[in-house]
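The values are calculated or read from the model by the stated rules, or taken from the named source; none is laboratory data. Everything numeric here is computed off the predicted structure, so don't read it as measured data. In this analysis, Cβ positions are derived from the backbone assuming ideal geometry, glycine residues included, and neighbour counts consider all displayed protein chains.
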Amino acid sequence: MDETDCATIEEYKDKKKQIQKASFLAGILWGLFMLIFTEYLFPYLINGEINLSWWNISIWGLGGTFFGITMYWLSKSKLKKHF
């Protein structure tokens, strides 16, 4: 059995919870990375000024949420139940 195989319902629930945490963290990190690079770093390097609005923050927040949910669905679909 490999890492995605689950022999018991408890093991499945534990792995599912681990996937939820990892996906949540991945979504937050992706959203923050994109926000920092596209709204702070690149505009500063190109023209020396930063123009940040709540609209941009919410767009990258939603993007991070979508990314995290997608990673969760993909990871969860790889879990194999053997019970």
**Prompt:** Counting only residues that are at pLDDT below 95 and either of a type in the set (Ser, Thr, Tyr) or in contact with a strand residue (DSSP E or B) (Cβ under 7 Å, 6 or more places away or on another chain) (or both), how many does the range 45-74 have?
**Reply:** 1
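Could you tell me how many of the residues in the range 1-24 are part of a helix (DSSP H, G or I), free of Cβ contacts under 8 Å to residues at least 40 places away in the same chain and closer than 17 Å to SER75 by Cα? So that I can check it myself, show each step before the final result.
Taking the range 1-24 as the starting set, the residues that turn out to be part of a helix (DSSP H, G or I) are 9-24.
After this cut, where a residue has to be free of Cβ contacts under 8 Å to residues at least 40 places away in the same chain as well, the list is 10-11, 13-14, 17-18, 21.
Going one step further and asking which of them are closer than 17 Å to SER75 by Cα, we end up with 11, 13-14, 17-18, 21.
Total meeting the criteria: 6.
Restricting to the range 43-74, what's the tally of residues that are over 22 Å from the mean Cα position of the chain (by Cα), exposed (fewer than 12 other Cβ atoms within 10 Å of the Cβ) and on the phi < 0 side of the Ramachandran plot? Steps first, please.
If we filter the range 43-74 for residues that are over 22 Å from the mean Cα position of the chain (by Cα), which is where we start, we get 43-53.
Cutting the leftovers down to exposed (fewer than 12 other Cβ atoms within 10 Å of the Cβ) gives us 44-53.
Pick out the ones that are also on the phi < 0 side of the Ramachandran plot and you get 44-47, 49-53.
Final tally of qualifying residues: 9.
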**Message:** Looking only at residues that are farther than 17 Å from GLY63 by Cα, hydrophobic (A, V, I, L, M, F, W, C) and out of contact with any His (no Cβ under 8 Å at 6 or more places or on another chain) in the range 3-29, which one is surrounded by the fewest Cβ atoms within 10 Å (Cβ to Cβ)?
**Reply:** ILE9
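Could you tell me how many of the residues in the range 44-83 are in a helix (DSSP H, G or I) and either closer than 28 Å to ILE9 by Cα or touching a Cys at 6+ places or on another chain (Cβ under 6 Å) (or both)? Show your work before the answer.
Let us first name the residues in the range 44-83 that are in a helix (DSSP H, G or I), namely 44-47, 54-77.
Among the residues that remain, those that are also either closer than 28 Å to ILE9 by Cα or touching a Cys at 6+ places or on another chain (Cβ under 6 Å) (or both) are: 65-77.
Counting residues in the range 44-83 that are in a helix (DSSP H, G or I) and either closer than 28 Å to ILE9 by Cα or touching a Cys at 6+ places or on another chain (Cβ under 6 Å) (or both) gives 13.
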